[in-house]
1. Once the principal axes of the Cα atoms of segment 93-153 are found, what is the range along each, listed largest first in whole angstroms?
2. Run the helix sum for the chain: -39,500 (n - 2.57) per DSSP H stretch of 4+ residues, divided by residue count, reported at 222 nm to the nearest 500 deg cm²/dmol.
3. Over the chain, what is the relative contact order in whole percent, taking alpha-carbon pairs under 8 Å and six or more residues apart?
4. Which value results when the Cα radius of gyration for the chain is divided by 2.2 N^0.38 Å?
5. Can you list the residues of segment 56-73 with backbone N under 12 Å from a point 7 Å past the Cα of K152, pointing along Cα to Cβ?
6. Starting from the coordinates of the alpha-carbon atoms of segment 23-73, obtain the Kirkwood hydrodynamic radius over all distinct pairs and give the value in Å to one decimal.
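Laboratory data are not the source of any read-out in this text; all were calculated from the coordinates shown. Every value quoted in this text rests on a predicted model; they were computed, and no experiment measured them. Positions of Cβ are generated from backbone atoms using ideal geometry, with glycine treated the same way; all protein chains shown enter the neighbour counts.
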Amino acid sequence: MNMAMVMVVVLAAPAATLTGDKAEVIPAHEVQTQLAQLVPQAKASGSSGSTLASYGNLALSLSVRTANGGAEIHAHYDDLMIVQQGSATLITGGTVVDPKLGSDGEIKGTGIQYGLQRTIMPGDVVIVPAGMPHQLLVPPGTIYSAMVAKVKE
């Protein structure tokens, strides 16, 4: 690693520091159990989720989808997703269709025009910075699940 990269990591570290005073381990079997418990609700409504851990600037959750999600732009949160099951089309960038500003400062819409489409599958790690339009399209009959970290900027 060159000196410029070391400086970037060192200077960025305080912004990425977790708040809290203990280390936490969430066993894989607990994650898999929670994901399995979310599937029936996702089949009924298109999506479901649960929170694994929450700190001042980090929320770690599980998300299960059986239907497309709407377009979103997070004002103050970066998303980090680790795909656990199924595949989906991730659309990033472009323009949100029919955007509406929510009371939480988040923009939601019905879709995205002119965005970059990529297929994501188990093991893929997705990073979506705050301010970037994004949407997940889930193929019919697919159960898509991911671990999602929302990091407050």
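1. Its Cα atoms span 32, 26, 19 Å along the three principal axes.
2. Details: 2 runs with 32 residues, N = 153.
Rounded to the nearest 500, it is -7000 deg cm²/dmol.
3. Values: 339 pairs, mean separation 44.2, N = 153.
Relative contact order, the chain: 29 percent.
4. On the way: Rg = 16.5 Å, N = 153, 2.2 N^0.38 = 14.9 Å.
Ratio of Rg to 2.2 N^0.38 Å for the chain: 1.11.
5. Label zone hits: 56-59.
6. Numbers: mean 1/r = 0.0823 Å⁻¹.
Value: 12.2 Å, from the Cα pair sum.
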